[in-house]
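One structure below.
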Amino acid sequence: MAHAPSNEGSRSAGAGDPEGIVMTPLLVAGAPRSGTSWLQRLILAHPNCAGGQESHLLVLFDRLLAESRRKAAFARPHGPLGLITENRLLGLLRHVWAGSFKSILEEHPRATLLVEKTPDHIMHLELADRLLPDCRIVHLIRHPADVAASLVRASRKPWGRDWAPGSVEAATRRWVECVEAATEASRLGPGRFTTLRYEDLRSDPQPHLEALLDFAGIDSSPELVAKILEDDRSGDGAEIPLRGELGEGRLIEPADFGDGDPRPSLSGRDLRRCLEIAAPLMPGFGYDPTGHDRR
């Protein structure tokens, strides 16, 4: 990830402005099992960042809007759009968004940036642009073979069986859908949208994390980034808080939630099938569509 243009002069909120902070978040998104949880923890280790567990709010808001439009189109129309305009409904959803993060920000008076990580938000960035026109988005991308292998593995675990595709074909198509959506969202421009490769962050984290924090408009000094990375390596990194109906505490991931091996493997047959599906999109992100980088 190259250093993004400076965000100096952009409409970032400052500490003590919770309303401004919640409406100018950094959204971390990408195909599931691309390393977004790890990236979120790295960013939240920054003293000026705050965030919590995945909200999935854009997913839910988009469903509400789609169903509202569907009902409004009936021969006998009904639903919310028979009571208020869609713009008014969006305004109400902004209040839900802001209220959902209030307690997180109250606990972090130094925070100037809200970090919201929901991988599935990559499919809802058109709504993000309408709802949060000053948000910034980081798309974390990972090799499709590694994503497919990790998703299939997750589908066999109690914590993943309800959402993870159970076949390499379905998992790879999920990667394709997410990457196509991210490619469409790149129209927002380099000041609001950036893509970071998981492999680059793993192999050389210092410059890539510095560039990402610079993109987010917060302190990206080498000394601070080095401390964040050292704390992460030693197991002293940031914790993800839980609130609301889930109680008050910290998120404890299942013991086998991480991949362990940063490059989970596929059989030769499964790798070939994955590459057949993903190949058209791979070169644009520096991946070899022939699979030589996985042999």
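Here the chain is assigned +1 on the Cβ of each Lys and Arg and -1 on the Cβ of each Asp and Glu. Its dipole about the Cα centre then comes out at about 1160 debye.
Listed options for Kirkwood radius over Cα pairs in Å are (1) 20.2; (2) 20.7; (3) 19.2. The value calculated from this structure is the one marked (1). Using θ = phi - 60° in the Karplus curve 6.51 cos²θ - 1.76 cosθ + 1.60, the 3J(HN,Hα) couplings for segment 189-194 round to x, x, x, 10, 9, 9 Hz; x is entered for Gly and Pro.
Under the convention that each Lys and Arg Cβ holds +1 and each Asp and Glu Cβ holds -1, the size of the dipole of segment 31-121 around its Cα centre is about 280 debye. Think of segment 178-294 as having a plus end and a minus end, set by charges on the Cβ of Lys, Arg, Asp and Glu; of S234, H208, L224, H208 sits farthest toward the positive end of this dipole.
Qualifying trypsin sites (Lys or Arg not before Pro) in segment 50-153, where qualification requires a DSSP coil assignment and no more than 11 other C-beta atoms within 10 Å, comprise R110. Ordering D62, D200 by the number of other Cβ atoms within 10 Å of each residue's own Cβ, fewest first, gives D200, D62. In this structure, the amide hydrogen of I137, modeled 1.01 Å from its nitrogen in the peptide plane, lies closer than 5 angstrom to those of L27, F193, T194, counting only residues at least 5 positions away or on a different chain.
Of the residues T85, L151, V176, the one whose Cα sits farthest toward the positive end of the charge dipole of segment 63-204, with +1 on the Cβ of Lys and Arg and -1 on the Cβ of Asp and Glu, is T85.
Using the Karplus relation 6.51 cos²θ - 1.76 cosθ + 1.60 with θ = phi - 60°, the per-residue 3J(HN,Hα) values for segment 63-73 come to 5, 4, 5, 5, 5, 5, 5, 4, 5, 5, 8 Hz, with x marking Gly and Pro. In a simple Cβ point-charge model (Lys, Arg +1; Asp, Glu -1; nothing else charged), segment 134-270 has a dipole of about 600 debye relative to its Cα centre.
The convex hull around the C-alpha trace of segment 187-242, projected and averaged over every direction, spans 5.1 square nanometres. Can you find, among L58, P119, S68, the residue farthest towards the positive end of the dipole of segment 48-157? Put +1 on the C-beta of Lys and Arg, -1 on that of Asp and Glu. It is S68, whose Cα lies furthest towards the positive end. Amide H to amide H distances under 5 Å link G51 with V115, where only residues 5 or more positions off or on other chains count and H is placed in the peptide plane.
A short reminder: the numbers here are calculations on the coordinates, not readings from a lab. In this text the structure is predicted, and so the values were computed from the model without any measurement. Cβ atoms come from the backbone with ideal geometry, glycine included; neighbour counts cover every protein chain shown.
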